[in-house]
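Contents: one structure, followed by commentary.
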C-alpha cells in the first residue's frame, strides 16, 4: 500500500514534462494560469492527498473518501490542461506519449473511484510509477515538492520505494544509495529475488543512463557476482553486464558529438546488446541499451535529417522494448508509431511498422489465441498504409 503514496507523488513530476502554460478551465472568464502557478496547485493538492493514501486505513476511511475523490478529480483536470512546448514535443515525442497516457490513466482512476472500485483504482495508481519516472528523468529541472508532512511520510516507505521516488526527482546519488542498501538487505535475507533483480536494474539505470559512470556500474555488478546463493539467471545476466561495462571502460571518449557520429555509436551498442540478449527475458544486453537510450534522447533534441530522424526513432523503440520491464511497458510502440508518422513510406517506417505490428499482436495473444480488437485492427491498417510504399 505504500506504493500508492509514491506513485501519486510522482505524478507531480510527470506533469513537469508538460511545459508552457495551463489553460483556464473557463477561458471567457479567467486568464490563463502560469505554469509555475499550476505546479503550485499540484503541490498543494498532492501534499493534502498523499498522507491519506500512504496508510490503507486512511485510504479506506469513510471520512477521507470524498476528499480523495475531489483531489483525484482535480488532478485529472490538470493533467489535461497543461500544454507542451511545440519545440520540445517535436524533438522528443515521448513527452507527448507519456503525458497522454498518464492523463488517460488518471481518468480511469477517477472513474473507478466514482464506481466504488477502489481496489482497481489503487492498482491503476501503482502502475503510473513508470510514467512519472520515464518523463521526469529526461528533463533538467523540476518543481520543489517538499514539506514537513511529506518528509514524515517518506520515512514510512520501504527502501525500494524511496529509491524510486528519488530517481523520479532526479536525486540520482541518493537513489543509488537507497537501491544499494536495499540490495544489501535482500542479499542477506536471500529471498524476494524479483525485488532484488528490480533494484539491481534500477541501480544500473542510474549509473549507466544518468550518471554515465562505468566504475559505479561495475561496483553494482561485482556485488551481485560475489554474492552466494544468487539464482542462475541473475548470475548469467551479470556476466553480460560485466563484459559490457569493461568494454565501456576501455573506450576513449569521442570528440564528435554530431548526430551522424552519435548514431553510429548507438547502432554499435545496440548490435552488441542484441548479441548478448538471448530471448525476450534475457537481460544480458541491458548496459548497451541503457547507454544507447542516454545518447538517443540527446540525438532527438538535435536538428536531424529525415534519414537520421527515422533511424533515431527506430533505435529508441528497439532500446525501450529491450528494457520495458523497468520502463513504461508500451513506450517502444509509441516510438515505432512516431517513426512511421514522421518518415512515412521509407525503409525506416517499414522497419518500425514490422516491430510495431509484432508487438501489438504479441500483446493481444493469450492461451486462447490472438484476439485483436476492431479499433486496434483499424489502427494497424492506418499505420500500414503510412509505413509501406503506396499501393502495397
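Bear in mind that the values in this text are calculations on the coordinates, not laboratory data. Since this is a predicted model, take the numbers as computed values, not measurements. All Cβ positions, glycine included, derive from the backbone under ideal geometry; neighbour counts span all protein chains shown.
According to the square roots a ≥ b ≥ c of the eigenvalues of the Cα gyration tensor, what is the shape class of segment 289-392, taking rounded for a/c under 1.5, prolate for a/b larger than b/c otherwise, and oblate for the remainder? The shape class here is oblate. On the beta carbon distance between residue 367 and residue 307, with R0 = 41 Å, the FRET formula returns roughly 0.45. Entry note, segment 183-326: relative contact order of 23 percent, from Cα contacts under 8 Å with a spacing of 6+ residues. Here the residues 302, 309, 262, 249, ranked from fewest to most Cβ neighbours within 10 Å of their Cβ, fall in the order 249, 302, 262, 309. Between residue 256 and residue 222, the contour length at 0.36 nm per residue exceeds the alpha carbon distance by 9.1 nm. Available extension along the chain between residue 385 and residue 63 is 110.5 nm, counting 0.36 nm per residue and deducting the alpha carbon span. By the beta-carbon count within 10 Å of each Cβ, the least crowded to most crowded order of 348, 248, fewest first, is 248, 348. Net length available on complete extension from residue 114 to residue 48 is 21.8 nm, with 0.36 nm assigned per residue and the Cα-Cα distance removed. What does the C-alpha gyration tensor say about the overall shape of segment 149-250? Classify as rounded when a/c is under 1.5, otherwise prolate if a/b is larger than b/c, or oblate. Cα axes put segment 149-250 in the oblate bin. Among 296, 75, the ranking by other beta carbons within 10 Å of each residue's beta carbon, starting with the fewest, stands as 75, 296.
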